[in-house]
Amino acid sequence: MKKEVVISVRELTKRFGDFTAVDRISFDVFRGEIFGFLGANGAGKTTAMRMLCGLSFPTSGSGTVAGFDVVRSGEKIKRRIGYMSQKFSLYDDLTVMENIRLFAGIYGLSGADTRTRAAELLSRLDFAPERHSLVGSLPLGWKQKLAFSIATLHRPEIVFLDEPTGGVDPVTRRQFWELIYEAADAGTTVFVTTHYMDEAEYCHRVSVMVDGEIRALGTPSELKRQFAAGSMDEVFRILARNAKRGE
Ligand code: ATP
């Protein structure tokens, strides 16, 4: 079966003054793929992701996301994607149901669709008993699962996840990844940044960014072979050890 390209960028670049945060990156992502976007702190991942989500204009280069041009059609892209960031997700002072209704409204879902999808979501996550709990009172791992489910409530073609599992243990992260696999199996493309190398191993393909450039791209097994490394952690360390930015 021919793979369908859903994200395609060529020489995409973002400069802030004379500082080049993202330096001529080029890659394709296919429908239903889980694409890991790795890089040390300050490598340029968030800046690149913001350009892909239609939130920031590239300085140069080109790209399409869900068939729309990242330079000219940012607004159309925004309507076709889901976005979950660690910092800006749910409202702690609203209940689970209130958050669901709020975001369903923002995504333009009808009342009937909101009710059906809320019921599906609560049942899939086993959250029905918590429907009237304040989100702020839930454990972090639960909040992350809820945030992911809400970011995909409108069934976007692509979901962008910016370090979605920060601060939780490996078992909780693994449970979160079950949701990612379900979404990918249903045809949603998942574009995910992470610092956790166990998660890099779960991706279909990963790219590794260093100092604004993509220095490696392939499946986890291809990259381990290419760098004669036993794990993605080792691949990452080999690539990042000469980085000028970061810790
Ligand atoms: P982290 O994992 O720490 O979030 P990152 O890979 O997402 O890192 P970015 O946030 O994209 O990195 O930042 C890349 C570089 O661009 C950093 O050196 C950052 O200081 C710089 N940068 C980001 N936004 C701006 C801006 N608005 N003005 C100037 N420099 C910026």
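Observations
- Residues of the stretch 148-168 satisfying the condition of being away from the ligand (no atom under 14 Å from the Cβ) and either among the aromatic types (Phe, Trp, Tyr) or touching a Cys at 6+ places or on another chain (Cβ under 6 Å) (or both): Phe148
- Restricting Glu98, Glu120, Glu75 to those that are part of a helix (DSSP H, G or I) and under 18 Å from Leu52 (Cα atoms) reduces the list to Glu75.
- Residues in the stretch 4-38 that are away from the ligand (no atom under 16 Å from the Cβ) and touching a residue at least 60 places away in the same chain (Cβ under 8 Å): Val6, Ile7, Ser26, Val29, Phe30, Arg31, Gly32, Glu33, Ile34.
- The stretch 100-109, residues that are more than 19 Å from Ala183 (Cβ to Cβ) and either in contact (Cβ under 8 Å) with a residue 24 or more places away in the chain or crowded, with 19+ Cβ neighbours inside 10 Å (or both): Gly108
- The set of residues in the stretch 101-117 that are of a type in the set (A, V, I, L, M, F, W, C) and part of a helix (DSSP H, G or I) comprises Leu102, Phe103, Ala104, Ile106, Ala112.
- Residue, nearest to Thr194 (Cα to Cα), within the stretch 85-96, restricted to residues that are buried (at least 17 other Cβ atoms within 10 Å of the Cβ) and modelled with pLDDT of 95 or more: Val96
The values are calculated or read from the model by the stated rules, or taken from the named source; none is laboratory data. These numbers were taken from a predicted model, which means no experiment stands behind them. Positions of Cβ are backbone-derived with ideal geometry, glycine not excepted, and every protein chain shown enters the neighbour counts.
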